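A.B. asks: Pasting a structure below so you can have a look.
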Amino acid sequence: METAIDVKGMTTYYGEREVLKNLTLSIPRAKTTVIVGGSGCGKTTLLKHLISLLKPAKGTIEVNGKNIAGMFGSDLDEFRKKMGVLFQGAALLNSLTLTENVALPLREHTRLKEPVIDIIVRMKLDLVGLSGFGNFYPSQLSGGMKKRAGIARAMAMDPELLFFDEPSAGLDPVTAAGLDELILKLHKAFSLTLVVVTHELASIFTIADYVIMLDAGNIVFMGNLDELKASSHPKVRVFLERKAEEEFLSPEEYFKIISGS
């Protein structure tokens, strides 16, 4: 398996609390990898490390053979130009139209002329099914349309890596299914390396080539969909069968978890 990202011995703390525990994992190139697990398991924290919003306390994160955990300044800026991110809330700038939102990274990081930028923006909006909505503001869009606009902006610089943080969060099932189809379309059309954080079972079985499951900051499963379905690991079974887990926490333990202390 040719890999795009290799994480080795990565550990992270929030205060004194260890939230990611000596993780070692690989993300295959030109595949869709889904990171799953229950709330608070560390999947979004892992994603933030993969896009270098957070630095680990120890360990390495190699992307195309370069350790981004040790990157800063201009080197990190150059790396980020090669990736796109759809944040959970789409993170559009409300004071800008969709055209202006999608054009922003092109205007900030390239020397392209405005007519060329306009053509690229129209292409990206058409790609996500928002042709004709360029003059709309985020406040005028539905939740699903905002997510699509966020994907158009993430695609503006033609990235090698595309990251999604809970793309279906807050969407109805029909809209969420449409977003899954868009992710499949992007993967098929551009052979991108996609990394998707989600807890939606329907999305996992629709888009995933490879699955990584976390629990309490540890990896409990890595493999393809068939291997996931066949896994006998109790945490995997609970997740797939949607069984409730009983938790017995004292008020003091609960306070430590939510405060990160």
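A.B. asks: Considering only residues that are polar (S, T, N, Q) and in contact (Cβ under 8 Å) with a residue 12 or more places away in the chain, look in the range 111-165 and name the one that is nearest to LYS82 (Cα to Cα).
C.D. replies: By that ranking, first place goes to ASN135.
A.B. asks: Among the residues of the range 98-134, write down those that are part of a loop (DSSP other than H, G, I, E, B) and farther than 13 Å from ALA152 by Cα.
C.D. replies: THR110, ARG111, LEU112, LYS113, GLY132, listed by residue number.
A.B. asks: Name the residue, out of SER95, SER74, that is closer than 30 Å to ALA176 by Cβ, of a type in the set (Gly, Ala, Ser) and exposed (fewer than 13 other Cβ atoms within 10 Å of the Cβ).
C.D. replies: SER95
A.B. asks: Quick one: which residue in GLY70, GLY37 is out of contact with any helix residue (DSSP H, G or I) (no Cβ under 9 Å at 6 or more places or on another chain) and farther than 23 Å from GLY144 by Cβ?
C.D. replies: None of the others qualify; the one that does is GLY70.
A.B. asks: Which condition number in (1) crowded, with 20+ Cβ neighbours inside 10 Å; (2) β-branched (Val, Ile, Thr); (3) over 26 Å from VAL238 (Cβ atoms) is the one that THR3 fails?
C.D. replies: (1) is the only condition that THR3 fails.
A.B. asks: On to the next question. Taking the conditions exactly as written (closer than 24 Å to PRO167 by Cβ, in contact with a strand residue (DSSP E or B) (Cβ under 6 Å, 6 or more places away or on another chain) and not in a loop (DSSP other than H, G, I, E, B)), does VAL85 satisfy them or not?
C.D. replies: So VAL85 fits the description; yes.
A.B. asks: In addition: I'm trying to understand the selection: among the residues of the range 164-210, which are under 22 Å from LEU141 (Cα atoms), touching an Asp or Glu at 6+ places or on another chain (Cβ under 9 Å), surrounded by 16 or more Cβ atoms within 10 Å (Cβ to Cβ) and not acidic (Asp, Glu)?
C.D. replies: PRO167, SER168, ALA176
A.B. asks: Here's another thing I want to ask about it. Can you tell me how many residues in the range 203-224 are closer than 16 Å to ASP165 by Cα and without any contact (Cβ under 8 Å) to a residue 40 or more places away in the chain?
C.D. replies: Qualifying residue count for the region: 0.
A.B. asks: Taking the range 7-17 only, how many residues are over 22 Å from the mean Cα position of the chain (by Cα) and among the charged types (D, E, K, R)?
C.D. replies: The total comes to 2.
A.B. asks: Moving to a separate point now. If THR12 passes every condition in (1) of a type in the set (S, T, N, Q); (2) in contact with a Leu (Cβ under 9 Å, 6 or more places away or on another chain); (3) surrounded by fewer than 17 Cβ atoms within 10 Å (Cβ to Cβ) but one, which one does it miss?
C.D. replies: (3)
Here, each number is a calculation from the coordinates, and none is a lab measurement. Quick caveat, the model's predicted, so the values are computed rather than measured. Ideal geometry is used to build each Cβ from the backbone, glycine not excepted, and the neighbour counts take in all protein chains shown.
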